[in-house]
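Working notes for the structure below.
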């Protein structure tokens, strides 16, 4: 009977799938990222409401934000997404040194972004308690910065684990997740940059 | 000597990991077995149910006389805040997660959840949440007094001026509970999508699995909004930002949006699995297939979708513009379509059936009846004119207690009785179960029905003293409240004594159809000897068709 053979085929494929924990983990990580993005969406929604309804948006003596240095920062962060992709390809081809080189490059670019952010924060003439403008600015950039920091930390762990012999032979879920997370952090930054720096 | 490795192997099969305890001690270990975790969730949250119930009885004790003469007003505020918070974050959510944890892998024919260690970690956060919440009784100023929804500016007051205060501890507890829920939700969604047994298509899944999926999707898109609001509130309290401080330009209504964007759908996170429980139990005790199985299953996802666009009905009186009120009145009313589908399907399921009125069926039937009543008052509250009139009165309290107690707690009890033989391998005492049911039913009606007339008369909620004209209804409600407290005693007695020395249960005492009933009670670790191959839809009562094609291979000793 055809239906029986169809079921038999399904059984075969299911048994393969049962051992495919990497696919399950990847699915789970996607679900998590979708959920995490809603926190950012909520903050963005809050920002838009505050910006459009607040009567005194800019604190006294504040002209707005300088866009030059943050633009460089943005370019560095966005390009690091391509660099981590190259690292992933190297790992796919089992070329560990290429993987390590490009992963290190990603880590450096991520750290540069954090450094640039810190320098920018230091030079600003408003603080966290300077009205809604200050509060939303530090909340958005700070919460995103925490995610960048987490991303760099994950990359560091992946980098160190590459020195454990055979670590990535069975599953490279760790690096897939790290890379996905990094792309996520990038996409969030693009929206954030548009909302805070471009739309002034 | 050649036998030794074989014995070691079978030893492993019975345990989640080598050397794991196999007696009661496993419930106090970091077990990754979904069945152990499920029971851990259920028992832990039941302890907090008793704690929250104690708070409720203190509230009802205060309200039995019109004067505020039982407890200090500060403590009274703390009581209603902690009653709501404990009942939601430490009882309703975790107990339903526990039931789902136990049942979903069995029902879809999986050996465990997709991420067993994540599962255990998510559970062990619940005691942490409980300890944090309870520890707020011992900080200066006592627990949070701003109600379970923690609206600013009340929640921002911080009269003691200390950094570690009741409100901050409350926010931390809710945040950790949120992390735990997200971990659980990722796990459930991945499990249901990825670990279904061969042949178990979406339209062969039991409705309980559908409703758990629908509920956990809500957690995924809703909880982050609450987290965002909670982070901003925490910053306002601790660092002096002004997100929600009206005096420095902030917008307290925005917090209400964040809060209700999650906390209204959260009601469906609780209600949906209970709808699933009703859909499982009614066919078993009516010996008929679930009427309109596919429509009932899909209506769960429709509820998920609609739940995201109704939250402003909690804010009709928060300066909401007219067009927004109209819009959300319309969306709120439309929720009654998918829920109505379920009600009619359940009614059609039991119509003409051969009803067997065991305790689970009694609780399920009473739960459906209470839900119809809660739905009618829900429609009333969903319409703007009525809501403006009864806003913040006991009518609202009566409505949502009919949902959370009359429907959800009844459904939870029904589920615990129904699956008790499966979980423990023993039968509960039917007589004690019936006593428990009638006490609960009378207590619920006596406690929550009087809240409706007294609310329509205008008694506001969250007050410690009130006009003497409301006294009659409040005395009735208080008596009902104490009766509900009493009703837990036969339940506890029943559960404890029958788990220890109850009659042995067969693998399928209810003659129910479902994958979980095909294997031993309690099921072994990893559940199935061989994964089931599902060949027919669930609820095939009276159809005489096999559910799986490899029945003999599912367990070591099929009955």
Q.
Being touching a helix residue (DSSP H, G or I) at 6+ places or on another chain (Cβ under 8 Å) and buried (at least 24 other Cβ atoms within 10 Å of the Cβ) is true for just one of B:193, B:188, B:203, B:221. Which residue is that?
A. B:188
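Considering every residue within region B:79-88, establish whether at least one is closer than 30 Å to residue B:555 by Cβ and in contact (Cβ under 8 Å) with a residue 24 or more places away in the chain. Lay out the reasoning, then the answer.
Quick first cut of region B:79-88, residues closer than 30 Å to residue B:555 by Cβ only: none.
The answer is no; no qualifying residue exists.
Kindly establish whether residue B:98 is under 30 Å from residue B:281 (Cα atoms) and touching a helix residue (DSSP H, G or I) at 6+ places or on another chain (Cβ under 7 Å).
Values: under 30 Å from residue B:281 (Cα atoms): yes; touching a helix residue (DSSP H, G or I) at 6+ places or on another chain (Cβ under 7 Å): yes.
Considered against the rule, which asks whether it is under 30 Å from residue B:281 (Cα atoms) and touching a helix residue (DSSP H, G or I) at 6+ places or on another chain (Cβ under 7 Å), residue B:98 comes out as yes.
Would you say residue A:138 is touching a residue at least 60 places away in the same chain (Cβ under 8 Å), within 14 Å of chain B (Cβ to nearest Cβ) and within 23 Å of residue A:190 (Cβ to Cβ)? So that I can check it myself, show each step before the final result.
Numbers: touching a residue at least 60 places away in the same chain (Cβ under 8 Å): no; within 14 Å of chain B (Cβ to nearest Cβ): yes; within 23 Å of residue A:190 (Cβ to Cβ): yes.
So residue A:138 fails the test.
Considering only residues that are closer than 13 Å to residue B:402 by Cα and assigned to a helix (DSSP H, G or I), look in region B:443-458 and name the one that is nearest to the chain's Cα centre (by Cα).
B:444
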Q.
Pairs needed: first member in region A:42-68, more than 13 Å from chain B (Cβ to nearest Cβ); second member anywhere, in a helix (DSSP H, G or I) and surrounded by 10 or more Cβ atoms within 10 Å (Cβ to Cβ); C-beta distance under 6 Å; at least 6 residues apart or different chains.
A. A:65/A:197; A:67/A:197
Q: Of the conditions (1) at pLDDT below 95; (2) within 30 Å of the chain's Cα centre (by Cα); (3) in a helix (DSSP H, G or I), residue B:7 clears all except one; give me its number.
A: (2)
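So which of B:246, B:283, B:265, B:273 is crowded, with 24+ Cβ neighbours inside 10 Å, in contact (Cβ under 8 Å) with a residue 40 or more places away in the chain and within 14 Å of chain A (Cβ to nearest Cβ)? Walk me through how you get there before you give the answer.
Values: B:246 fails: crowded, with 24+ Cβ neighbours inside 10 Å; B:283 fails: within 14 Å of chain A (Cβ to nearest Cβ); B:273 fails: within 14 Å of chain A (Cβ to nearest Cβ).
Matching residue, one of B:246, B:283, B:265, B:273: B:265.
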Q | Within region B:412-433, considering residues that are more than 22 Å from the chain's Cα centre (by Cα) and in a helix (DSSP H, G or I), the one surrounded by the fewest Cβ atoms within 10 Å (Cβ to Cβ) | A | B:431
**Q.** Positions within region B:481-505 being in contact with a helix residue (DSSP H, G or I) (Cβ under 9 Å, 6 or more places away or on another chain) and without any contact (Cβ under 8 Å) to a residue 60 or more places away in the chain, in sequence order
**A.** B:483, B:486, B:487, B:489, B:490, B:492
Q. Take the residues of region B:530-556 that are away from every other protein chain (no Cβ under 12 Å) and buried (at least 18 other Cβ atoms within 10 Å of the Cβ): which is nearest to residue B:23 (Cα to Cα)?
A. B:555
Q: Inspect region B:156-168 for any residue being over 21 Å from residue A:135 (Cβ atoms) and part of a helix (DSSP H, G or I) and give the result as yes or no.
A: yes
Q.
Can you tell me which of (1) within 14 Å of chain A (Cβ to nearest Cβ); (2) buried (at least 23 other Cβ atoms within 10 Å of the Cβ); (3) over 19 Å from the mean Cα position of the chain (by Cα); (4) not in a loop (DSSP other than H, G, I, E, B) is the one residue B:105 doesn't meet?
A. (3)
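Can we say residue B:376 is without any contact (Cβ under 8 Å) to a residue 12 or more places away in the chain and on the phi < 0 side of the Ramachandran plot? Even if it seems obvious, please write down each step before you answer.
Details: without any contact (Cβ under 8 Å) to a residue 12 or more places away in the chain: yes; on the phi < 0 side of the Ramachandran plot: yes.
Judged against the criteria, residue B:376 is a match.
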Q: Could you tell me which of the residues A:140, A:154 is in a helix (DSSP H, G or I) and either closer than 22 Å to residue A:72 by Cβ or touching a strand residue (DSSP E or B) at 6+ places or on another chain (Cβ under 7 Å) (or both)?
A: A:140
(Q) Against the conditions (1) within 14 Å of chain B (Cβ to nearest Cβ); (2) within 30 Å of residue A:56 (Cβ to Cβ); (3) modelled with pLDDT of 95 or more, where does residue A:131 fall short? Just the number, please. (A) (3)
Q: Given the conditions (1) farther than 27 Å from residue A:37 by Cβ; (2) in a helix (DSSP H, G or I), report the number of the one that residue B:255 does not fulfil.
A: (1)
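If you take the residues of region B:224-236 that are more than 10 Å from chain A (Cβ to nearest Cβ) and touching a helix residue (DSSP H, G or I) at 6+ places or on another chain (Cβ under 6 Å), which of them is nearest to residue B:177 (Cα to Cα)? Talk me through it step by step, then tell me what you get.
Going residue by residue through region B:224-236, those that are more than 10 Å from chain A (Cβ to nearest Cβ) are B:230, B:233-234.
If we keep only those that are touching a helix residue (DSSP H, G or I) at 6+ places or on another chain (Cβ under 6 Å) as well, we get B:230, B:234.
Details: B:230: 12, B:234: 15 Å.
By that ranking, first place goes to B:230.
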Q: For residues that are in contact with a strand residue (DSSP E or B) (Cβ under 8 Å, 6 or more places away or on another chain) and in contact (Cβ under 8 Å) with a residue 60 or more places away in the chain, scanning just region B:162-177, find the one that is surrounded by the most Cβ atoms within 10 Å (Cβ to Cβ).
A: B:166
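Evaluate the following for residue B:154: is it out of contact with any helix residue (DSSP H, G or I) (no Cβ under 7 Å at 6 or more places or on another chain) and at pLDDT below 95? Outline the logic, then answer.
Values: out of contact with any helix residue (DSSP H, G or I) (no Cβ under 7 Å at 6 or more places or on another chain): yes; at pLDDT below 95: yes.
So residue B:154 passes the test.
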Q: Answer yes or no as to whether residue B:516 is farther than 28 Å from residue B:437 by Cα and either within 14 Å of chain A (Cβ to nearest Cβ) or not in a loop (DSSP other than H, G, I, E, B) (or both).
A: no
Q) What residue, among those in region B:40-77 that are more than 21 Å from residue B:401 (Cβ to Cβ) and surrounded by 20 or more Cβ atoms within 10 Å (Cβ to Cβ), is farthest from the chain's Cα centre (by Cα)? A) B:40
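Scan region B:321-329 and tell me whether some residue there is part of a loop (DSSP other than H, G, I, E, B) and within 12 Å of chain A (Cβ to nearest Cβ). Can you show your working first?
First pass over region B:321-329, keeping only residues part of a loop (DSSP other than H, G, I, E, B): B:321.
Imposing the further condition that a residue be within 12 Å of chain A (Cβ to nearest Cβ) reduces the set to none.
No, every residue in region B:321-329 fails to be part of a loop (DSSP other than H, G, I, E, B) and within 12 Å of chain A (Cβ to nearest Cβ).
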Q) With respect to residue B:258, is the statement that it is within 12 Å of chain A (Cβ to nearest Cβ) and in contact (Cβ under 8 Å) with a residue 24 or more places away in the chain true? A) yes
Q: Would you be able to say whether some residue in region B:208-215 is in a helix (DSSP H, G or I), facing chain A (nearest Cβ under 10 Å), crowded, with 21+ Cβ neighbours inside 10 Å and at pLDDT 95 or above?
A: no
(Q) Given the options B:153, B:159, B:116, name the one that is free of Cβ contacts under 8 Å to residues at least 40 places away in the same chain, farther than 19 Å from residue B:47 by Cα and surrounded by fewer than 21 Cβ atoms within 10 Å (Cβ to Cβ). (A) B:159
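The values are calculated or read from the model by the stated rules, or taken from the named source; none is laboratory data. As the structure is a computational prediction, the values presented were derived from the model and not from experiment. When we count neighbours, we look across all protein chains shown, and the Cβ atoms used for this are built from the backbone with ideal geometry, even at glycine.
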